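The values are calculated or read from the model by the stated rules, or taken from the named source; none is laboratory data. Note that the structure is predicted; figures quoted are calculated from it, not measured. Cβ sites come from the backbone with ideal geometry, for glycine too, and all protein chains shown count toward neighbours. With ligands, DNA and RNA removed, areas are computed over all heavy atoms of the protein, side chains included. Shrake-Rupley method; radii C 1.70, N 1.55, O 1.52, S 1.80 Å.
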Amino acid sequence: MKNLKNSEFKWLLANGYGNALRFLNCCDNPMQYAKIIAECCTTDTCFDMQCEGHRGAYLCDAVMLTGQPEYFAEIVMERLSRRHCDHWASFQMLELLVCIYYEETDISPKIRNFLQEMYIKEFARRTGKNFSRVPRTDVFEDLCNVLVDDIDNSYFERIVNDVGGYLLEHPKSDRFSLDWFFSHCTDGGKKRSRLKKADKACAEIFVKNFDLDYKEKHEPSRSPRHTFTELITEPVGELSERDSLWRAIYFRTASYKANDEELLQFAKLTVSEKDENEKYRMLCAFEKKPFPLGFEAVREMYENGGEKIKIKCAEIMGCFKFEAVREMYENGSEKIKVKCAETMGRFKEKAAEDFLRSIAENEALSGELRYTGFLAYVQCAKKLDVPFVMGYHPELPDKKGMDFGRDDFFHILWHNTEKRQDCASRKYEQLRRYIYHNLNCSFCREYLVQLIVRSRDNCNDILRECRFDCNLDLRCYADRVLKRCKAKQGQQANAN
């Protein structure tokens, strides 16, 4: 592999690409990148760890390639001791320690002792007088899972006794929320035989607390707002930011249950709505389906609306792709068929596609409106202009945690490309490769690579890299495809 600049290596490692490990493997002095490796080990650099899973095994591979696993284990343990890390970063560090624990037996006792001492300190802190819950940095439940699953399964009974004993003395306490831990250890709370080894009274109060907590968190909420009629007849008034968000969600939910006639009537109400905030919330009902009154109605709202309305209109214009409207036509009522026929007629002029591209290219507009128009163009264009798509670089923050950043942009670009009927077309080979090299989400990267293989792209280099990706399922997939290709080549050679 070619030499990498520090910034290039950091980008690859932080985003979980296999070439970061391949580079370390052939590097003369891997420890010169120790600072970068340590930073990635102690920070959540995932797009969404809840979907992707932690990168403990991947980061452990990087650590082992340096030949100095104890050095990094010490850094991780020190950071965990400070207790100021984000929950997801702490979760990843715990899993990394477990991986090192099994890879490097010389330091296993030190890691084991650290985790046991951490449990004692965390439990004492949670039962102390001055405890205050900070969900963002809460690591106790993750620590319990690691101890039971990976270090010593007898910790299950100890945790039940410790937590149950505290709950017996403080039955109204909300200091412990271990529904994930208990569900994980008992198959969703069904297999409770492990509790027999714990103290009976402690186990009973623990289970009672779990059942109440689990029921509250996992039973579906029953909102009284079910239909458009109920929503639009409800007095709105001034809404807080949170209530405004929930109202938009209610409109989306109502759209899933509505029939064609209801959607058509609601679209008319949306057009006539004078309050821009309410119109914006109503438009959220059409984020996933074409606006029943057609493209021209949306364009008129765009031209007469403020910035928020323009952005939402540009987003829903992405649904005006011919296939979506045709499907709506085939499944719709007579009124819907008439409206869809009018809309499909406009596709001869590529109205939505051309309008959205003009938004994306208009430098006088705001950055948010431009990239919204661009992403909607990718969704609805009959045939993508690949050089235009690959050459479009909006000014977006590169840091995680911003409202909308570079990672979000490529995530949506991938999803809007994936949803196209021609997503596997050979003419998009370079576009698929471009997205692969910029896609921070390793969960989506797995499906992108499957599409690349299905499309018969020239991708052996990508597959070789994926054999070391942070996504372990993607590693297995790449291995299988490469072995299959090698076997096929052998058969052809023998036949010749």
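Contact annotation: residue pairs with Cβ atoms under 7 Å, 6 or more positions apart or on different chains, pairing a residue in the range 11-27 that is part of a helix (DSSP H, G or I) with a partner that is buried (at least 22 other Cβ atoms within 10 Å of the Cβ) and among the small types (Gly, Ala, Ser), are 12/20; 13/20; 13/62; 20/62; 21/62; 24/62. Number of residues in the range 430-442 that are surrounded by fewer than 19 Cβ atoms within 10 Å (Cβ to Cβ) and out of contact with any Lys or Arg (no Cβ under 9 Å at 6 or more places or on another chain): the value is 4. If the condition is being at pLDDT below 90 and either more than 31 Å from the chain's Cα centre (by Cα) or surrounded by 18 or more Cβ atoms within 10 Å (Cβ to Cβ) (or both), then the range 265-290 contributes only 290. For beta carbons closer than 6 Å, sequence separation of 6+ or different chains, a first residue in the range 106-126 that is aliphatic (A, V, I, L, M) and a second that is open to solvent by 40 Å² or more (accessible area, probe 1.4 Å), the qualifying pairs are 107/70.
Scanning for something out of contact with any strand residue (DSSP E or B) (no Cβ under 7 Å at 6 or more places or on another chain), farther than 13 Å from residue 206 by Cβ and of a type in the set (Ser, Thr, Tyr), does the range 120-131 turn up at least one residue? Yes - at least one qualifying residue is present in the range 120-131. Within the range 72-95, residues that are at positive phi sit with their Cβ atoms under 7 Å from residues that are surrounded by fewer than 22 Cβ atoms within 10 Å (Cβ to Cβ), at 6+ positions apart or across chains, in these pairs: 83/137.
Can you tell me how many residues within the range 171-205 are open to solvent by 70 Å² or more (accessible area, probe 1.4 Å) and not in a loop (DSSP other than H, G, I, E, B)? Number of matching residues: 8. Would the range 399-421 turn up any residue that is hydroxyl-bearing (Ser, Thr, Tyr) and open to solvent by 30 Å² or more (accessible area, probe 1.4 Å)? For the range 399-421, residues hydroxyl-bearing (Ser, Thr, Tyr) and open to solvent by 30 Å² or more (accessible area, probe 1.4 Å): absent. May I ask you to list the residues in the range 112-156 that are among the acidic types (Asp, Glu) and open to solvent by less than 30 Å² (accessible area, probe 1.4 Å)? The answer is 122, 142. Of all residues in the range 99-111, one or more are under 20 Å from residue 43 (Cβ atoms) and open to solvent by 10 Å² or more (accessible area, probe 1.4 Å). Taking each residue of the range 479-495 that is within 16 Å of residue 465 (Cα to Cα) and modelled with pLDDT under 90 and looking for partners that are surrounded by 10 or more Cβ atoms within 10 Å (Cβ to Cβ) and not basic (Lys, Arg) with beta-carbon atoms closer than 9 Å, six or more apart or interchain, yields 485/460; 485/463. The sole residue among 81, 90 that is surrounded by fewer than 16 Cβ atoms within 10 Å (Cβ to Cβ), of a type in the set (S, T, N, Q) and under 21 Å from residue 144 (Cβ atoms) is 81.
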